[in-house]
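Quick note: the coordinates plus some simple rules give every number you see, no bench work behind them. Quantities reported herein were computed from a predicted structural model and do not represent experimental measurements. So basically every Cβ, Gly included, is an ideal-geometry build from the backbone, and we count neighbours across all protein chains shown.
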Amino acid sequence: MAESRDGAQAQSTENVVMYHPSKDLVENANVTAYMRSKGLSSYDELYKWSTANPEEFWADQANELEWFQTWDKVLDESNAPFFQWFVGGKTNIIHNAIDRHVKTWRRNKLAMIWEGEDGSSRTYSYHTLNREVSKMANVLKSMGVQKGDIVTIYLPRIPELPIAMLACAKVGAAHSVVYGGFSVEALADRMSDAQSKILITADGGYMRNKVIELKKIADEAMARTPTIQNCIVVKRTGHDIAMESGRDLWFHDLMSLPIASPICPTEEMDAEDMLFILYTSGTTGRPKGVVHTHGGYQVGTHTTLKFVFDLKEEDRWWCAADPGWITGHSYIVYSPLLVGATSFMYEGAPNYPYPDRWWSLVARHAISVLYTAPTAIRGLMRFGDAWPNRHDLSSLRLLGSVGEPINPEAWRWFRDTIGAGECPIMDTWWQTETGHFMITPTPVVPLKPGSATRPFLGIDVDIVHEDGTSCAPDEDGTLVIKRPWPGMLRTILNDPDRYKNQYWEKIPGMYNAGDSARRDKDGYIWVIGRLDDVIKVSGYRLGTAEVESALVSHSAVAEAAAIGLPHDIKGNAIHAFVILRAGFEGSPKLEEELRAHVGHELGPIARPDEIKFVGSLPKTRSGKIMRRVLKAQALGQDVGDVSTLES
Ligand code: WT7
């Protein structure tokens, strides 16, 4: 069995039972219809054709959407790796996500159904969504928001979050959403890097019936971010908060002003204009602002949702992520609207008030396709089958998984207990940077539990050695993507060199995903885990550097190292090693204080499970902390080659 740097293990690829799709599913799949329209008779042939003719494939897909002006060139590679897609095309993702639907019968179809943790619910048809988005777009314009600005959004999982994102896109501003589980330092860093003038937040959010004090966190973060001029505050909890006069404005007050007209033209954008920034963790230093654009992103997300989750007009789609991460951007907010689907969103915790909350939601809202993460599946699985068995889950027809490798045990439970032994599971591998699914089955592909199966149409994936040569079947290597794809990141905000070095130069000419993987004899890909200093905790992506920087910002800490160790539910848990400053002494109380400090600075998801006080840290002679050694020691493994260790 292979191991990644974080100790994760790939599942054995031998003796794996294949799960074949039903005839009915294959016959009626969207991808089957497309295959036939190309005069092809198998998915293999379709894949081969799509990668031999990627520009034709993606142009086909782009033609499913409306453009103000069609493109001159599908792909421009002249300034590689700064690839451009649909060059010369004029568009706006909002035109395809909303405007084109409200011209048809779909105006009265539900676009979004939301249920609060307290059981309250709100629904938006395409028509009412359009009105809300337009009103908010007019508010933003009246506050001086223009094409090219970056608006930071820090909201709980409430409908105003997608509405704010869509309103930004409509006026041509980029949004930068900061996940509501992040805290002061994380928010301040992201607002500063984006030079945001406006922050949209809420008086709080609910999680397990407790109020998360978003505005309080935002106040502290704004105090560290001089660029912020105004803060729009959505009222969710109604509890007392401080409002700074001149800076803070209530969302509901703004939305009731005459300026907030429900009619607002959608800004015409170049295909390559920025749609959003999303910060994600990398190997070193501060999070990077991944840049996505209107044209390619709308094509990539639309195509993948339509073919992978096979969405039909009558489906009810639930992507149980948070809009604050790429999964939510692409598959809660944008692509469901692009395909004209009804998307469901739930505010709170999966096990609140009881461990059957999710299953009750599926039953009550007749969810037909459910997309979630292995950590959530494992977390709900441990409560036993009685909870799901109390509910009628027969509306489900497809399931999905994302975020980390799914262990076959969780895969089978998901299929058998939730999917009545029938629902195929689409295990989708992708990243913040890729924008949309890259390695994934479609409903016609036979499945192997634990494998994301095969590259998506038009996507050229390989597993390679350090020199870029292909690995043999079953040999571990680095996962790379060999050809550009429409939803790819275009650059890192303010740091194009980092974009080039990090993704395209380590293995020259190929996109380096930072994951290790192997391909079996059937061509199925098994993703093993991260090769860099990124830790996936409950599917959330965190950098060791961010956790360490939060730790050393505490007055007692001189130096810190963070690693991920395997955890049954979370996949990985953070463990930290801390050297204290002179005059401080390690104690359970200080450990708790440091944990709380990380929670306050970075966010509750980043709180280390364990903090050890140590006298020294293993370092290379150049002073780099050797996390690999810490990990091996913690796991009781051979520490390997430490010849570069400082002596
Ligand atoms: C990293 C990207 C974009 C979806 C949410 C995560 C891991 C993601 C899978 C999967 C195995 C997976 C990889 C990847 N990952 N999906 N199906 N099987 N690993 O986006 O936060 O940018 O993280 O998540 O390690 O590099 P992200």
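Which listed residue (I459, A97, W413) has the Cα farthest towards the positive end of the charge dipole for the chain, taking +1 on Lys and Arg C-beta and -1 on Asp and Glu C-beta about the Cα centre?
Most positive-ward Cα: A97.
If the convex hull of the alpha-carbon atoms of the chain is projected onto planes in all directions, what is the mean projected area in square nanometres?
Taking a quarter of the hull surface, the average projection is 28.3 nm².
Report, in whole Å, the centroid distance computed from the Cα atoms of the stretch 581-605 and the stretch 249-305.
If you average the Cα positions of each part, the centres end up 36 Å apart.
Output the peptides 416-424, 110-118, 448-456 sorted from most to least packed, where packing is the average of other Cβ atoms within 10 Å over each peptide's residues.
448-456, 110-118, 416-424
Can you find, among W430, A550, M269, the residue sitting farthest towards the positive end of the charge dipole of the chain, where Lys and Arg contribute +1 and Asp and Glu -1 at Cβ?
Value: M269.
May I ask you to compute the full-extension gain from T469 to D416, defined as 0.36 nm times their residue separation minus their alpha-carbon distance, rounded to one decimal in nm?
15.1 nm
When the dipole is taken about the Cα centre of the stretch 226-285, and only Lys, Arg (+1) and Asp, Glu (-1) are charged at their Cβ, what size is it in debye, to the nearest 20?
380 debye
When the chain is fully extended, how far beyond the present Cα-Cα distance does E56 get from I259, taking 0.36 nm per residue of separation?
Gain in length upon complete extension: 68.6 nm.
Per DSSP H run of at least 4 residues, take -39500 (n - 2.57); add these up for the chain, divide by its residues and hand me the 222 nm value, nearest 500 deg cm²/dmol.
-7500 deg cm²/dmol
Would you mind calculating the relative contact order of the stretch 32-149 from Cα pairs under 8 angstrom and at least 6 residues apart, reporting the percent as a whole number?
13 percent
Cross-chain or 8 or more residues apart, Cα under 22 Å: how many lysine pairs in the stretch 143-223 fit that? Count them up, please.
5
Determine the percent antiparallel among the DSSP beta bridges restricted to the stretch 187-244, to the nearest 5.
Approximately 40 percent, going by the DSSP bridge assignments.
Tell me, what is the FRET efficiency for S360 and A582 to the nearest 0.05, using R0 = 56 angstrom and their Cβ-Cβ distance as r?
Given R0 = 56 Å and the Cβ-Cβ separation, E is 0.50.
Once the Cβ-Cβ distance between Q195 and T70 is put in as r, and R0 is 30 Å, what FRET efficiency do you end up with, to the nearest 0.05?
0.35
As an exercise, use a Förster radius of 25 Å and the Cβ-Cβ distance of R224 and K147 to find the FRET efficiency, rounded to the nearest 0.05.
In this case the efficiency is close to 0.35.
Quick one: work out the % antiparallel among DSSP beta bridges in the stretch 192-300, nearest 5.
Expressed as a percentage, antiparallel bridges in the stretch 192-300 total about 55.
Please sort by residue number the GluC sites (Glu not before Pro) in the stretch 162-231 whose DSSP state is loop and whose Cβ has at most 14 other Cβ atoms within 10 Å.
Hits after loop and neighbour filter: nothing returned.
Where the centre of each part is set by its Cα atoms, how far does the stretch 413-466 sit from the stretch 61-96, in angstrom?
Between the Cα centres of the stretch 413-466 and the stretch 61-96 lies a distance of 27 Å.
Roughly how many nanometres apart are two label points built 7 Å out from the Cα toward the Cβ at S245 and D385?
With each label point 7 Å from Cα toward Cβ, the separation is 6.4 nm.
Taking +1 at the Cβ of each Lys and Arg and -1 at the Cβ of each Asp and Glu, which of T375, G172, I528 sits farthest along the dipole of the chain towards its positive end, judged by Cα position relative to the Cα centre?
G172
Identify all lysines with a Cα-Cα distance to K570 below 19 Å; exclude those on the same chain that are fewer than 8 residues away in sequence.
Leaving aside lysines fewer than 8 places away in the same chain, those within reach of K570 are K536, K631.
About the Cα centre, and with charges only on the beta carbon of Lys, Arg (+1) and Asp, Glu (-1), how big is the dipole of the stretch 328-397? Nearest 20 debye, please.
So the magnitude is around 80 debye.
About the Cα centre of the chain, what is the dipole size in debye to 20, counting +1 per Lys and Arg Cβ and -1 per Asp and Glu Cβ, all else neutral?
Computed charge dipole of the chain: roughly 980 debye.
Measure out, as a whole number of angstrom, how far apart the alpha-carbon centroids of the stretch 199-232 and the stretch 158-189 sit.
12 Å
Place the peptides 160-169, 523-532 in order of packing, highest mean first, counting for every residue the other Cβ atoms within 10 Å and averaging per peptide.
In descending order of packing, they fall as 160-169, 523-532.
How much length is gained on full extension from F82 to S120, taking 0.36 nm per residue of separation minus their Cα-Cα distance?
Gain on stretching F82 to S120: 9.1 nm.
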